[in-house]
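These notes concern the structure reproduced below.
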Amino acid sequence: MRIIGGQHRGLTLASVGKGDAAAHLRPTPDRVRESLFNVLAGYGLPDGARVLDLFAGTGALGLEALSRGASHATFVDKGRAAQRLIRENLSKARREADARILTCAADRLPKASAPCDLVFLDPPYGQGLGGPALVTARRQGWIAPDALILWEESAAQDPPDGFSLEDSRRYGDTHITVLRAS
């Protein structure tokens with residue numbers, strides 16, 4: 001797994017390895033990540049954006065955003081394996097100063113110090129965790145008005161109250177639902 005574009009293009013990220021089966025680490029494939037960032041470019045993102053990466057796993061989505069011009073990324077994952085991988089990847093990219101790691105469940109976020117313009121939501125597939133995490137992020141001030149949310153799941157997702165559907169795309173068994181905070 002590597003960074004696809006921007007300042008850190010070609011940087012090889014830490015290997016998930018065999019990992020911890022309970023960690024549910026499922027990195028977004030390079031091909032899907034490249035397509036996601038092509039979609040984001042049409043919205044003028046991530047340039048200058050504050051990013052929230054929920055269920056961050058390896059942190060690849062947030063790191064890709066930083067590589068492509070995001071100003072800051074907050075990574076949220078309660079798993080110790082994921083936290084270790086995110087720290088290692090931030091160190092490899094030398095982006096620790098532009099990032100924060102929250103070691104809590106995505107639906108138990110603390111109050112935000114500043115809202116985010118771009119949210120990546122990549123929960124374990126089929127467990128119904130994405131909606132509650134998104135609602136909590138909004139309630140705690142993490143989501144800016146008009147923010148864009150990219151929700152990766154095994155099926156297209158219906159937007160929770162307060163969000164509108166912008167787009168929906170399928171890449172093999174991965175569905176990306178693009179939402180707008182309304």
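Some points to look at:
- Residue pairs whose Cβ atoms lie under 6 Å apart, separated by 6 or more positions or on different chains, with the first residue in the range 119-131 and at positive phi and the second surrounded by fewer than 22 Cβ atoms within 10 Å (Cβ to Cβ), are G126/S154.
- Within the range 161-173, residues that are within 17 Å of G131 (Cβ to Cβ) have Cβ atoms under 9 Å from residues that are of a type in the set (G, A, S) and surrounded by 15 or more Cβ atoms within 10 Å (Cβ to Cβ) in these pairs: G162/A181; F163/A181; S164/A181, counting only partners at least 6 apart in sequence or on another chain.
- Scan of the range 84-115 for residues that are of a type outside the set (D, E, K, R) and in a loop (DSSP other than H, G, I, E, B), ordered by number: T103, C104, A105, A106, L109, P110, A112, S113, A114, P115
- Scanning the range 28-62 for residues that are hydrophobic (A, V, I, L, M, F, W, C), touching a residue at least 60 places away in the same chain (Cβ under 8 Å) and more than 20 Å from L134 (Cα to Cα) yields V32, V39.
- Options D161, D107, D77; residue that is in contact with a Ser or Thr (Cβ under 8 Å, 6 or more places away or on another chain), surrounded by fewer than 21 Cβ atoms within 10 Å (Cβ to Cβ) and not polar (S, T, N, Q): D107
- Filtered by the rule that a residue be under 20 Å from D117 (Cβ atoms) and either aliphatic (A, V, I, L, M) or surrounded by fewer than 20 Cβ atoms within 10 Å (Cβ to Cβ) (or both), the range 166-182 gives E166, D167, I176, V178, L179, R180, A181, S182.
- Evaluation of E64 against (1) at pLDDT 95 or above; (2) assigned to a helix (DSSP H, G or I); (3) over 19 Å from V39 (Cα atoms) (one fails), failing number: (3)
The values are calculated or read from the model by the stated rules, or taken from the named source; none is laboratory data. Please read these numbers as outputs of a predicted model, since none were measured by experiment. Please note: Cβ atoms are built from the backbone with ideal geometry, for glycine as well, and neighbour counts cover all protein chains shown.
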